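Q: The structure that follows is given in the form of structure tokens.
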Amino acid sequence: MTNVVDWVENKLANDHEVTVVGRTNKNFLVIEYKDGYSFNVAVIGVKGIIEDSNVLPLFETTDKPQLVVNVPSSVLWDGFAIDAIHSEGASFGSFGDIYRAARTMDVGSFRDKNMGFFINAMRQHSNVTCVSYVYNSVFKIDRVSGESLTVAVIDAYNMSAEDVRNARTRVGEFDIVVKNTSYGSITQQAEAAAASMGAQALTFKELMRRLAR
Amino acid sequence: MNRTSVIIKLSEMACCLGAIATGTEWHLFGSVDRNEPSPSDIDLMIFCLNDNQADELRNAIDFDIFEIPLHISFFTYEEAKSINVVFMQNSTLIIKPD
């Protein structure tokens, strides 16, 4: 995957915020942020779905990555891959997350802001016992009362019927599809599309109420 | 990357799509439409004649042609009108393929 590593290094070459200062013996980029803070970034080039077999070898070294980045960004990270990365104290994301993670000054603990919000909110729900990743934007919610639910979070200010169909195509079956922002709206056609799949299209507030039932 | 260069590239894309894109409207909104410096992504809405056209366009469009992420929301005209999304997003009609 040297080509994607080079691509990221070249993209960062003239950047003033972060600097690539070298590579590890596993070809991870060593990136320096301000005040001498540095971290290792493993760049992979998986298309489709990133599985744990794609990421586990990255940690078979003493000089481990704190961030795993995939190019291109439009992929799904499988739940097992995410768990493997998190269990190593690392984080995952896309090219743009190099900056976002660096700014936290604790790259291994970096989490996508929107997903982090959803995960925390669902975990703190009184009827929820466990939230686990199915994919990076799909979660299995185990509840005290009621069956487990699969929730797909989509990046849409206004949810359309096509958003719902596309989510189904990308991630498979789900019980609930929810927008990642409290603003905007859901079209009636989106609600109908979800219903035709035996699912529900909900806002964040509606999701919180649904988790209780 | 500025608003003009984005519109030129999107226009080329619309042209390459040919008949699939006929009858659609492409609306730009957000930071690129406001021509802000260093936008983090490109926000576009495409209004379609029907569901099939929306699905076909999703499959046909190359989302990786820009250096920054391209976010596209597909609506049928009926959906877009029902939530008055042009007003809500303060979007600008930039392309209307024949």
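Q: Between a first residue in the stretch A:91-106 that is in a loop (DSSP other than H, G, I, E, B) and a second residue that is of a type outside the set (S, T, N, Q) and open to solvent by 40 Å² or more (accessible area, probe 1.4 Å), which pairs have beta carbons less than 6 Å apart while being 6 or more apart in sequence or on different chains?
A: A:Met105/A:Tyr37
Q: How many residues, within the stretch B:23-80, are in contact (Cβ under 8 Å) with a residue 60 or more places away in the chain and polar (S, T, N, Q)?
A: 1
Q: If I ask for residues that are at pLDDT 95 or above and open to solvent by 20 Å² or more (accessible area, probe 1.4 Å), which ones from the stretch A:84-102 would you list?
A: Selection gives A:His86, A:Ser87, A:Glu88, A:Gly89, A:Phe92.
Q: Looking at the stretch B:61-76 only, could you name the residues that are within 11 Å of chain A (Cβ to nearest Cβ), surrounded by fewer than 20 Cβ atoms within 10 Å (Cβ to Cβ) and not aliphatic (A, V, I, L, M)?
A: Residues satisfying the conditions are B:Asp62, B:Phe63, B:Asp64, B:Glu67, B:Pro69, B:His71.
Q: Could you name every one of the helices (runs of 4 or more DSSP H) located completely within chain B that has at least 2 residues being among the β-branched types (Val, Ile, Thr)?
A: B:3-17, B:85-89
Q: In the stretch A:186-213, which residue that is surrounded by 15 or more Cβ atoms within 10 Å (Cβ to Cβ) and touching a residue at least 40 places away in the same chain (Cβ under 8 Å) is farthest from the other protein chains (Cβ to nearest Cβ)?
A: Residue satisfying both the conditions and the ranking: A:Leu211.
Q: Can we say A:Val41 is of a type in the set (A, V, I, L, M) and within 14 Å of chain B (Cβ to nearest Cβ)?
A: no
Q: Considering only residues that are under 17 Å from the mean Cα position of the chain (by Cα) and closer than 21 Å to A:Met197 by Cα, which ones fall in the stretch A:124-153?
A: A:Val134, A:Tyr135, A:Ser137, A:Val138, A:Phe139, A:Lys140, A:Ile141, A:Thr150, A:Val151, A:Ala152, A:Val153
Q: Oh, and also: Applying the selection to the stretch A:138-181, what residues are within 14 Å of chain B (Cβ to nearest Cβ) and among the polar types (S, T, N, Q)?
A: A:Asn158, A:Ser160, A:Asn166, A:Thr169, A:Asn180, A:Thr181
Q: Here's a follow-up. Could you list, in sequence order, all residues of the stretch B:62-81 that are closer than 14 Å to A:Glu162 by Cβ and at pLDDT 95 or above?
A: The answer is B:Ile72, B:Ser73, B:Phe74, B:Phe75, B:Thr76, B:Tyr77, B:Glu78, B:Glu79, B:Ala80.
Q: Could you identify the single residue in B:Glu25, B:Glu36 that is more than 18 Å from A:Ala167 (Cα to Cα), more than 10 Å from chain A (Cβ to nearest Cβ), surrounded by 15 or more Cβ atoms within 10 Å (Cβ to Cβ) and among the charged types (D, E, K, R)?
A: On inspection, the qualifying residue turns out to be B:Glu25.
Q: Please find, among A:Ala161, A:Ala121, the residue that is more than 13 Å from the chain's Cα centre (by Cα), over 24 Å from A:Gly45 (Cα atoms) and open to solvent by 10 Å² or more (accessible area, probe 1.4 Å).
A: A:Ala121
Q: Now, a different point. Can you tell me how many residues within the stretch B:77-98 are facing another protein chain (nearest Cβ under 10 Å) and surrounded by 18 or more Cβ atoms within 10 Å (Cβ to Cβ)?
A: 5
Q: If I filter the stretch A:167-185 down to residues being basic (Lys, Arg) and either open to solvent by 30 Å² or more (accessible area, probe 1.4 Å) or over 23 Å from B:Asn59 (Cα atoms) (or both), which single residue comes out as farthest from the chain's Cα centre (by Cα)?
A: Among them, the one singled out is A:Arg168.
Q: List, please: which pairs have Cβ atoms under 8 Å, are six or more places apart or on different chains, and start with a residue in the stretch A:45-65 that is more than 19 Å from A:Ile31 (Cα to Cα) and at pLDDT 95 or above and end with one that is crowded, with 16+ Cβ neighbours inside 10 Å and among the acidic types (Asp, Glu)?
A: Pairs that qualify, where the first residue is more than 19 Å from A:Ile31 (Cα to Cα) and at pLDDT 95 or above and the partner is crowded, with 16+ Cβ neighbours inside 10 Å and among the acidic types (Asp, Glu), are A:Ile49/A:Asp78; A:Ile50/A:Asp78; A:Glu51/A:Asp78; A:Asp52/A:Asp78.
Q: Looking at the stretch A:59-81, is at least one residue surrounded by fewer than 18 Cβ atoms within 10 Å (Cβ to Cβ), of a type in the set (Gly, Ala, Ser) and more than 13 Å from the chain's Cα centre (by Cα)?
A: no
Q: Please indicate, with yes or no, whether at least one residue in the stretch A:138-155 is touching a residue at least 12 places away in the same chain (Cβ under 8 Å), assigned to a loop (DSSP other than H, G, I, E, B) and surrounded by 18 or more Cβ atoms within 10 Å (Cβ to Cβ).
A: Among the residues of the stretch A:138-155, not one is touching a residue at least 12 places away in the same chain (Cβ under 8 Å), assigned to a loop (DSSP other than H, G, I, E, B) and surrounded by 18 or more Cβ atoms within 10 Å (Cβ to Cβ), which makes the answer no.
The values are calculated or read from the model by the stated rules, or taken from the named source; none is laboratory data. Keep in mind that this is a model prediction, so the values were computed, not measured. Here the Cβ is made from the backbone with ideal geometry for all residues, glycine too, and neighbour counts use every protein chain on show. Quick note on the areas: whole protein, heavy atoms, side chains included, nothing else; ligands and nucleic acids left out. Shrake-Rupley method; radii C 1.70, N 1.55, O 1.52, S 1.80 Å.
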